[in-house]
Amino acid sequence: QVQLVESGGGLVQAGGSLRLSCAASGRTFSSYAMGWFRQAPGKERQFVAASSWSGDRKYYADSVKGRFTISRDNAKNTAYLQMNSLKPEDTAVYYCAADPVYPLPIATMLDYWGQGTQVTVSS
């Protein structure tokens, strides 16, 4: 079992930045690829970014490429999502997820999820 807890969400103006954290406990963190997803009201959960087990490989949704950066610190059992140049359309609940497989499977097949953290970007 892996428990994931997100933090760092909040209200920010368009153009601003936030850094989300995902703290993991349980099994060996470095055995899991990590991902970030988001879900806006009335919309399906969508992929944002993913990192391999060591963090040496990453990929992003086109909508966030060049603005968001996923990273991880295996010594601290924590994954991060640095979000820059935020836009109102980035407003959503952001979730981290963990899975032994990289690239990540589709969202419905991922093993572990956090509870989510709200990000609101005002115009």
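Leaving out ligands and nucleic acids, and using a 1.4 Å probe, what accessible area per residue does segment 7-116 come to in Å²?
About 50 Å² of surface per residue is accessible.
Hey, if you drop one equal point scatterer on each alpha-carbon of segment 20-83 and run the Debye formula without solvent, what base-10 log of I(q)/I(0) do you get at q = 0.25, 0.26 Å⁻¹? Values returned for q = 0.25, 0.26 Å⁻¹ are -1.06, -1.12. In this label model, Ser25 and Asn84 are separated by 3.3 nm, measuring between points 7 Å along each Cα→Cβ vector. In order along segment 87-93, the Karplus-derived 3J(HN,Hα) couplings, from 6.51 cos²θ - 1.76 cosθ + 1.60 at θ = phi - 60°, round to 10, x, 6, 7, 4, 4, 8 Hz, and Gly and Pro are given as x. Within the chain, the longest run free of exposed loop sites, counting trypsin sites (Lys or Arg not before Pro) that sit outside DSSP helix and strand states (H, G, I, E, B) and have at most 14 other Cβ atoms within 10 Å, spans 77-123. Taking only the alpha carbons of the chain, we obtain Rg and Dmax values of 13.3, 41 Å in that order.
The values are calculated or read from the model by the stated rules, or taken from the named source; none is laboratory data. Because the structure is predicted, anything quoted here is derived from the model rather than measured. Counting neighbours? That spans all protein chains shown, and the Cβs are built from the backbone with ideal geometry, glycine included. Side chains are part of the model used for accessible areas, which takes the heavy atoms of the whole protein and leaves out ligands, DNA and RNA. Shrake-Rupley method; radii C 1.70, N 1.55, O 1.52, S 1.80 Å.
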